[in-house]
Amino acid sequence: MAAFLPISLLIFSACGFFVFVCGQLTDFTLPVKPTVVSGVDVATESLFSAGTSNASEVPTTEFTTSYRKSTAETTTERPTGKEGQKPVRKVLKMEKEDDEGPLKLAKRSTRSLTVAKKLKNVLKKPKVIPKKPKVTKTPKPEIKKVKHHQSAATKTASQCPPLGLESLRVKDAQLRASSYKRRGLGPHRGRLNIQSGIDDGDIYDGAWCARYKDKNQWLEVDAQKLTRFTGAILQGRNSIWSWDMVQTYKVQFSNDTLLWKPCMNGSKEAIFEGNQDTETPVLSLFDRPAVARYIRINPQTWYQNGTEGDICLRAEVLGCTLPDPSNVYAWQTEPTESRDKLDFKHHNYKEMRKLMKSVHDECPNITRIYSIGKSYKDLKLYVMEISDNPGKHELGEPEFRYVAGMHGNEVLGRELLLNLMQYMCQEYKRGNQRIVHLVKETRIHLLPSMNPDGYEMAFKKGSELAGWALGRYSYEGIDMNHNFADLNSVMWTAIELETDQSKLINHYFPIPEQYTSEEAFVAPETRAVISWMQNIPFALGANLHGGELVVTYPYDMTRDWAPREHTPTPDESFFRWLAAAYASTNQVMSNPDRRPCHNKDFLRYNNIINGADWHNVPGSMNDFSYLHTNCFEVTVELSCDKFPHASELPIEWENNRESLLVYMEQIHRGIKGVIRDKDTGVGIADAIIKVEDIDHHIRSVADGDFWRLLNPGEYRLTVSAEGYFPSSRTCYVMYDHFPTICDFNLTKTPRRKAKDILAKGGKLPKDLQLLLRQQRMRKLRVTTKAINQRRAAAKRAKRV
């Protein structure tokens, strides 16, 4: 009898457990207990290894895990002892197994049943205790846990970054589709914010479009590793000719592409809302994140457009890659961090100002923060100056500028300049000789946000959801890259109308009066930057944009308003040098295996192109800078993604750090010098420096110093100034990393000497009087000769 009792108890407990399981499978819908990955608690729905039936395993896993937690809460209230400790130890062991990941869940199903069997016996005693009824109320946690897991999923989705369809981290080979209409609408085009070409039907269309119009079409993404998928973002097709979008869709997951499990909403298959227009990104978060390798987006309804509507979409997938303990070649994976300890995040206006102040506090001897004006909404346009003598122009030291954020939603340039000022401060303090030389020999100005109003609009939406255009324009709706004075048209009109070529100017074109009036449609940010250009004698600069991978150089405007046409400046060769200096040192641009971002393959052009040969941009800052000041400027398109996720900022810094430094160093290439008065040694301002065979002049600044950027070679320079005799000399530019020094001492003309003497109340010496008399006589003879020639020509005309 004594031997029979344990056996009967064992049978009874097993039967009781079987009845409990059968009763719970029909209505027990609690999600899986959150597991911790990278410090984030997530309600995770796991998939199983290939060859295991999903339908048979999922309820068991949900039951055992959820039941285990409620049991663990019960046993912690029991008095300590041998019987009370055993269940707790086994529950902890099961928790440890759950953290191992989803791959071994099928193997642990039996052990989970064994633990639950013993815990069933433990649950009997709390029912006897009337003081603690909450322990035995199992239906209540069901509602609480649903709410808890929904918030956990939302929290995780906001923290899980995009896989990288938009930024091209997801390669074309990782994208598949059930069908596609043609190559230009293949799965590789189903990337968020991808832009189509002008021609409909080419290989660069603006979405993935299925060949067939039924509910069996899908776009598949291979994450290549186990990933916790938390959401998806959809857009319609980008096209000026078509209007296609997906209105509702389903999502499925798989580990092997053979068995697919749908994303569930309770007991039903979840259907997510898609797009109501083609451009606004729509985010859908999964009720329970799922761990898998593959994900499919399965459209259910789409815009019909009569019978012409197609199934077309652009997408991004949110997910956190799980660590792979079996990866013994971790060193072969692509790096995701930077070796520099910088503040890699997106900074709004207040955070940007705080970071700039912290850099200044750390390096007060080489930095200065100043404002050049305000935006329409009264946000200051802050500039960080980096120099060994901040706040003062030093004789012979060139001025350099980086401008970012002209388009507020192109945010990478803003973050790179904030990183650059941090980096230069840190490296200067460490004694990095490259940075020390740059700081001592160059006055550097960094404007991280030219359009802070537009940035704030894009920042509120966040990465991936700002779309392609939100925040691009100023608060007034002005595109600042078309808002500068159109001096190209002024120059080309003068060339066409002027018969005397000697009267033409090729530099320092004045700004038209209609542009400077208060009624002109000019953004306050643009006016502030123009005033900044006029007050500081910049010699070199760059304008940082986003949305492509290319460096463009002037002219940006075509001469006859053609959509695109190669329109070079007289300094074409040096502009190509500048563009190549950045592009060739950029890790992404210089990668020969990279794919085009959108609709133009710039690899064919070595990632540099004349701006007008890409598209016509009248009123660009680059052209204005070249024609109105001494400054040479290019535009750098930094990335395919205008608003990269914060997790991608460290790699973007690594891609661009060397390029940013190399480009700044190009300001020390060419010729520099000082133009002085031969008698007094005082610098001569506004002297004109002409380079033979290059039809673009520059001028000296207030102290008489100048910087003429040139490629290596031999050049004949001629310097002239009002009241002085011209002076010429030959200068040689070498391949060294420092400029060739060519100084000029100009001699005053007799008229200028006389004017200066009389202004001081002096008396003209006799030799000067004689020179002035000779000049007058020479001028009189030339004038008389010209008059006589005109009279003789008139007489001959009358005779005829």
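Going by the structure shown, is K350 assigned to a helix (DSSP H, G or I) and closer than 28 Å to P448 by Cα? Answer is yes for this residue.
Scanning region 580-608 for residues that are of a type in the set (G, A, S) and either farther than 24 Å from E648 by Cβ or part of a loop (DSSP other than H, G, I, E, B) (or both) gives A580, A581, S584, S590. Does at least one position in region 592-608 carry a residue that is surrounded by 22 or more Cβ atoms within 10 Å (Cβ to Cβ) and of a type in the set (V, I, T)? Looking through region 592-608, at least one residue is surrounded by 22 or more Cβ atoms within 10 Å (Cβ to Cβ) and of a type in the set (V, I, T).
Residues to consider are T783, T747; find the one that is in contact (Cβ under 8 Å) with a residue 60 or more places away in the chain and surrounded by 10 or more Cβ atoms within 10 Å (Cβ to Cβ). Step through it out loud before you land on a result.
On the way: T783 fails: in contact (Cβ under 8 Å) with a residue 60 or more places away in the chain.
Answer to the selection: T747.
Evaluate the following for F706: is it part of a loop (DSSP other than H, G, I, E, B), closer than 22 Å to V634 by Cα and not basic (K, R)? In short, no.
Can you pull out every residue in region 353-389 that is within 25 Å of D453 (Cβ to Cβ), of a type in the set (D, E) and touching a residue at least 12 places away in the same chain (Cβ under 8 Å)? If you could, list the steps in order and put the result at the bottom.
Of the residues in region 353-389, the ones within 25 Å of D453 (Cβ to Cβ) are 353-360, 368-385.
When the remaining residues are screened for being of a type in the set (D, E), the result is 378, 385.
E385, the sole residue that qualifies.
State whether one or more residues within region 317-329 are in contact with a helix residue (DSSP H, G or I) (Cβ under 7 Å, 6 or more places away or on another chain), among the aliphatic types (A, V, I, L, M) and either within 30 Å of A223 (Cα to Cα) or at pLDDT 95 or above (or both). So that I can check it myself, show each step before the final result.
In the first step, residues of region 317-329 are kept if they are in contact with a helix residue (DSSP H, G or I) (Cβ under 7 Å, 6 or more places away or on another chain); the result is 318.
When the remaining residues are screened for being among the aliphatic types (A, V, I, L, M), the result is 318.
Imposing the further condition that a residue be either within 30 Å of A223 (Cα to Cα) or at pLDDT 95 or above (or both) reduces the set to 318.
Scanning region 317-329 turns up at least one residue that is in contact with a helix residue (DSSP H, G or I) (Cβ under 7 Å, 6 or more places away or on another chain), among the aliphatic types (A, V, I, L, M) and either within 30 Å of A223 (Cα to Cα) or at pLDDT 95 or above (or both).
Can you confirm whether region 214-235 contains a residue that is farther than 25 Å from F286 by Cβ and either free of Cβ contacts under 8 Å to residues at least 40 places away in the same chain or in contact with a Gly (Cβ under 9 Å, 6 or more places away or on another chain) (or both)? Full working, then the answer.
Just the residues of region 214-235 that are farther than 25 Å from F286 by Cβ, to begin with: none.
No, the conditions are met nowhere in region 214-235.
Residues of region 680-729 that are of a type in the set (F, W, Y) and surrounded by 17 or more Cβ atoms within 10 Å (Cβ to Cβ): F706, W707, Y715, Y724.
The set of residues in region 616-658 that are under 14 Å from P554 (Cβ atoms) and under 22 Å from the mean Cα position of the chain (by Cα) comprises V617, S620, M621, N622, E633, V634, T635, V636.
If we only count helices (runs of 4 or more DSSP H) wholly inside region 466-569, which ones have 1 or more residues that are free of Cβ contacts under 8 Å to residues at least 60 places away in the same chain and closer than 17 Å to D695 by Cα? Lay out the reasoning, then the answer.
Numbers: elements: 487-497, 513-516, 524-535.
In region 466-569, the matching helices (runs of 4 or more DSSP H) lie at 487-497.
Is it the case that some residue within region 733-751 is touching a Ser or Thr at 6+ places or on another chain (Cβ under 7 Å) and closer than 29 Å to V662 by Cβ? Full working, then the answer.
Step one: list which residues in region 733-751 are touching a Ser or Thr at 6+ places or on another chain (Cβ under 7 Å), which gives 733-734, 744, 746.
Of the ones still in play, those that are also closer than 29 Å to V662 by Cβ are 733-734.
The answer is yes; a qualifying residue exists.
Within region 353-383, the residues that satisfy the criterion of being part of a strand (DSSP E or B) and under 20 Å from the mean Cα position of the chain (by Cα) are L381, Y382, V383. Output yes when any residue across region 559-572 is under 30 Å from P281 (Cα atoms) and either surrounded by 21 or more Cβ atoms within 10 Å (Cβ to Cβ) or in the same structural domain as R527 (by TED's automatic domain parsing) (or both), and no when none is. Yes - at least one qualifying residue is present in region 559-572.
The values are calculated or read from the model by the stated rules, or taken from the named source; none is laboratory data. On a predicted model such as this, the values are computed, not experimentally measured, just so you know. Note: ideal-geometry Cβ built from the backbone for every residue, glycine included; neighbour counts use all protein chains shown.
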